[in-house]
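Everything below concerns the one structure shown next.
The values are calculated or read from the model by the stated rules, or taken from the named source; none is laboratory data. Not measured: the values here are computed from a predicted model. With ideal geometry, Cβ positions are generated from the backbone for all residues, glycine too; neighbour counts draw on all protein chains shown. Protein only, heavy atoms only, side chains kept; ligands, DNA and RNA dropped before computing areas. Shrake-Rupley method; radii C 1.70, N 1.55, O 1.52, S 1.80 Å.
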Amino acid sequence: MSVMKESRDAVAVVGAGVIGRSWAFVFSRAGCRTRLYDPDRTQRERAIHWLKTAGAGEGRISAHDEIAEALEGVSYVQESGPENLAAKKAIFAGLDRLAPEDAILASSTSTLDMSAIAEGLPGARRAIVAHPVNPPHVIPVVEVLPGKMTDPEVVARARGFLSAVGQSPVLMNFYVPGFLLNRMQAALVREAIHLVESGVADVGAVDAVIRDGLGLRWAILGPFGVANTNADGGIREYYGRYGGSYAELMNDLGPTPSFDRAQIERLGRRTDAMTNGSRSEILEWRDRLIRKIRDLKQEDPMPRGGSS
Ligand SMILES: NC(=O)c1ccc[n+]([C@@H]2O[C@H](COP(=O)([O-])OP(=O)(O)OC[C@H]3O[C@@H](n4cnc5c(N)ncnc54)[C@H](O)[C@@H]3O)[C@@H](O)[C@H]2O)c1
């Protein structure tokens, strides 16, 4: 794996919860000196314990109770604090005041627009969203999107840095709620709940068609890549032939679920009945298999030779 080439290869992770500690794993694994800041001492200690147990970058990670200390000489900051606009604005004001002038200030936010977080911030040009998927030390995709004031040069540097530490940055041109990943996930989850709630199939069947069907292709090709391989003539022939059926189906899809307590409980009971083994065992197994799939994809990358 390539490691940052810059001499100032120190990075700061601000907020050491579930996502911050996983980012610390990513950066330290890539060889960066990684400084962890969290105002809550218990969270700092928990993160350091988790990182040690997980075998992360021994000697390259330090925890700090002073944010200024954590930011000294860093070239990249990954903010991973609480998910609300007022908190993010306050944290970014501090980062902009204290971080070196050319350091990139990236936020892990899942829902917020950097144009709002960085509104009125003197250093808005260097503020950007870098939204990971949980946990980023296992899942590489990071949605990168600028705010209205973000400098294009900062976008390019952030993408370069995230690639250099082994992640897969994807660029969005502007903000939409849910970004790319959660919008597509929401579309699928809506229909999954509709199919179960209307009695068409049980949760096991719905999960199986993703796990043993669509998901196998989706681990190596996205929806456009799949469409391009579903007909001898590629995506044009495929949509030419099946576009009408897709449109009919799309008009037949279910409504937005209520997510009221009764509905959540119904889905919970059905999911409990389907699941064997403890959740922690399943989590470990999930992460182990995801790593194997990543390794396989690296060993046998997509052919990029011809266009046919
Ligand atoms: N959990 C997920 O699945 C997930 C996925 C992608 C992105 N995110 C985003 O990552 C961010 C962190 O989420 P999380 O799940 O790790 O939350 P979390 O609650 O586990 O961690 C947040 C941490 O921020 C700390 N904090 C509080 N005030 C702070 C301050 N002023 N400065 C710095 N840190 C402060 C808290 O002590 C806590 O340790 C959020 O913006 C969230 O939307 C979460």
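Here are some notes:
- Residue check for Leu145: within 12 Å of the chain's Cα centre (by Cα) and within 16 Å of the ligand (Cβ to nearest atom): no
- Listed by position, the strands (runs of 3 or more DSSP E) contained in the range 37-113 that have at least 1 residues being open to solvent by 10 Å² or more (accessible area, probe 1.4 Å) are 61-64.
- All of (1) touching a residue at least 60 places away in the same chain (Cβ under 8 Å); (2) assigned to a loop (DSSP other than H, G, I, E, B); (3) touching a helix residue (DSSP H, G or I) at 6+ places or on another chain (Cβ under 6 Å) hold for Ala231 with one exception: (1).
- The residues in the range 270-283 that are surrounded by 11 or more Cβ atoms within 10 Å (Cβ to Cβ), part of a helix (DSSP H, G or I) and not hydrophobic (A, V, I, L, M, F, W, C) can be counted, and the count is 2.
- Residue match in the range 77-90 (condition: among the basic types (Lys, Arg), in contact with a strand residue (DSSP E or B) (Cβ under 8 Å, 6 or more places away or on another chain) and within 13 Å of the ligand (Cβ to nearest atom)): yes
- Candidate set from the range 32-51 (those that are hydroxyl-bearing (Ser, Thr, Tyr) and within 12 Å of the ligand (Cβ to nearest atom)); member that is farthest from Leu162 (Cα to Cα): Thr42
- Checking each residue in the range 8-31 for being among the polar types (S, T, N, Q) and either in a strand (DSSP E or B) or within 11 Å of the ligand (Cβ to nearest atom) (or both) picks out only Ser22.
- Being surrounded by fewer than 17 Cβ atoms within 10 Å (Cβ to Cβ), among the small types (Gly, Ala, Ser) and either away from the ligand (no atom under 11 Å from the Cβ) or in contact (Cβ under 8 Å) with a residue 40 or more places away in the chain (or both) holds for only one residue in Ala156, Ala130, and it is Ala156.
- When we screen Ala99, Ala54 for residues that are of a type in the set (A, V, I, L, M, F, W, C) and either within 14 Å of the ligand (Cβ to nearest atom) or without any contact (Cβ under 8 Å) to a residue 24 or more places away in the chain (or both), the only hit is Ala99.
- Figure legend. Inter-residue proximity from the range 182-208: first residues in contact (Cβ under 8 Å) with a residue 40 or more places away in the chain, second residues among the acidic types (Asp, Glu), beta-carbon distance below 7 Å, spacing 6+ or different chains. Indicated pairs: Val196/Asp202.
- Check on Gly305, open to solvent by less than 70 Å² (accessible area, probe 1.4 Å) and among the small types (Gly, Ala, Ser): no
- Residues of the range 16-36 that turn out to be open to solvent by 10 Å² or more (accessible area, probe 1.4 Å), out of contact with any helix residue (DSSP H, G or I) (no Cβ under 8 Å at 6 or more places or on another chain) and more than 12 Å from Tyr76 (Cβ to Cβ), as a count: 4
- Count of the range 113-147 residues which are closer than 14 Å to Ile91 by Cβ and of a type in the set (Val, Ile, Thr): 2
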